[in-house]
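Participant: Please see the structure below; I have some questions.
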Amino acid sequence: MAAWLSKTLKLKRSLPYNFQSSSPRPLAAFSSSNASPPTAAAAADAAAAASSASQSQEKKKLSKALLFLPGAITFGLGTWQIFRRQEKIELLDYRRKRLEMEPLNWNELSSSNYDWNTLEFRKVICEGDFDESKSVFIGPRSRSISGITENGYYVITPLVPRRTEPGSAQVPVLVNRGWVPRGWRQKSLGNSENFRTSSIAGTVEAKENEGSIRWKFWSRKPEALKVEENIPPPKRVVGVIRGSEDPSIFVPENDPSSGQWFYVNIPMIARSCALPENTLYIEDINEDFSATNPYPAPKDVNKLIRYSVMPQDHLNYTLTWYSLSAAVSFMAYQRIKPKKLRR
């Protein structure tokens, strides 16, 4: 018995203090104080890792979607070319039908009965006299013949109809007579200045001789007969009714005060010629001009049913854009395809 008690006392002394005490409070406090902080930190780390993983997944999805963006854009451009091609086909068909209609006779029409927007691309026949002193030069405009490019202008001149019958039209018409070289404009401006100078000189001379009885007697009737005998026939113009041009952002603004005209603006040109803003504007398409006097060179009627980009060009652009879309989309697919599938 004594031996057993001594062994028990030795074993109890070898155990820790917590096991010797009857109260487990220090051990419980130790375990709770040391166990709770590691559990909260682990939870925070796990949440941060999950958030980072979700963000990386979203970034990967976004990067994959952006790889297909060029293919979507080029596909949209190709589809737009299809719609644009169909629109051009309809516009060209509309112009052909209008040009095939019988031409109108402007001298027998009343300007108040028609809307020029509804008559665009209709042929019209006008007769009258050109007022060269009010010519407007639009340009510079280039023309290429046999591979040689030459700069020049389009000349627009008012055509004043003659009164043939009491009911005939007397409203002037703005006529785009065609293309002229650059030197032709300088010559025309010089002639206009000479015409103004001679007109002023003639007026002054007439006033000086107004009091002379001999001048009154000998000059009036013969001059009237001479003028009547030398009246030239009216100019006959076959043209197509057109509207104002829509310039691009690179075309400068017109400056009527300095005589600089870069595009056709009908109301502005009409005001500079002292005509109503709703004056009719036509493009001359006469083909019976002489080789000895080739300028102004009228426009070719076939150019009125042509665009700088024709329907066939739009079809070529469509094939190009679709091919590019397929190529970049295939490259994007190859980029995001798993490595095992690539092998």
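Every read-out reported here was derived from the displayed coordinates using simple, explicitly stated rules and does not represent laboratory data. Owing to the predicted nature of the structure, the values given are computational and were not obtained by experimental measurement. Here the Cβ is made from the backbone with ideal geometry for all residues, glycine too, and neighbour counts use every protein chain on show.
Participant: Using modelled amide H (1.01 Å from N, peptide plane; none on Pro or chain starts), what sits under 5 Å from the amide H of Phe262, excluding residues fewer than 5 places away?
Facilitator: Hits under the 5 Å cutoff: Gly139, Asn254, Asp255.
Participant: Label Arg236 and Thr39 with points 7 Å out from Cα along Cα→Cβ: what is the distance between them in nm?
Facilitator: 11.1
Participant: If you don't mind, there's one more thing I want to ask. Please list 3J(HN,Hα) in residue order for segment 263-275, calculated via the Karplus relation 6.51 cos²θ - 1.76 cosθ + 1.60 where θ = phi - 60°; whole Hz, with x for glycine and proline.
Facilitator: Result, ordered by residue: 8, 7, 10, 4, x, 5, 5, 4, 5, 5, 9, 6, 10 Hz.
Participant: Follow-up question, since we're still on this one. List the trypsin sites (Lys or Arg not before Pro) within segment 231-310 that DSSP assigns to loop and that have no more than 11 neighbouring Cβ atoms inside 10 Å. Walk me through the numbers before you get to the answer.
Facilitator: On the way: sites: Lys235, Arg236, Arg242, Arg271, Lys299, Lys303, Arg306; in loops: Arg242, Lys299, Arg306.
Here the sparse-neighbourhood loop sites are Arg306.
Participant: For the residue pair Ile148 and Trp80, what label-to-label distance in nm results when each label sits 7 Å from Cα along the Cα-to-beta-carbon direction?
Facilitator: 4.1
Participant: Past 27 Å, Cα to Cα, is the threshold; run Lys134/Lys299; Lys88/Lys235; Lys235/Lys303 against it and keep the listed order.
Facilitator: Values: Lys134/Lys299 21 Å; Lys88/Lys235 35 Å; Lys235/Lys303 24 Å.
Result: Lys88/Lys235 exceed 27 Å.
Participant: Based on the Cβ-Cβ distance of Val301 and Ile249, what FRET efficiency does E = 1/(1 + (r/R0)^6) give at R0 = 30 Å, to the nearest 0.05? Write out the running numbers ahead of the final one.
Facilitator: Details: r = 30 Å, r/R0 = 1.00.
Here the calculated transfer efficiency is 0.50.
Participant: Name the long-range amide H neighbours of Asn105: under 5 Å, sequence gap of 5 or more, or other chain; modelled H, no Pro or chain starts.
Facilitator: Hits under the 5 Å cutoff: Ile125.
Participant: Continuing with the same structure: Any chance you could run the full-extension gain for Lys59 through Phe262? It's 0.36 nm times the residue separation minus the Cα-Cα distance, nm to one decimal.
Facilitator: Working: separation 203, 0.36 × 203 = 73.08 nm, distance 5.27 nm.
Once the chain is fully extended between Lys59 and Phe262, it gains 67.8 nm.
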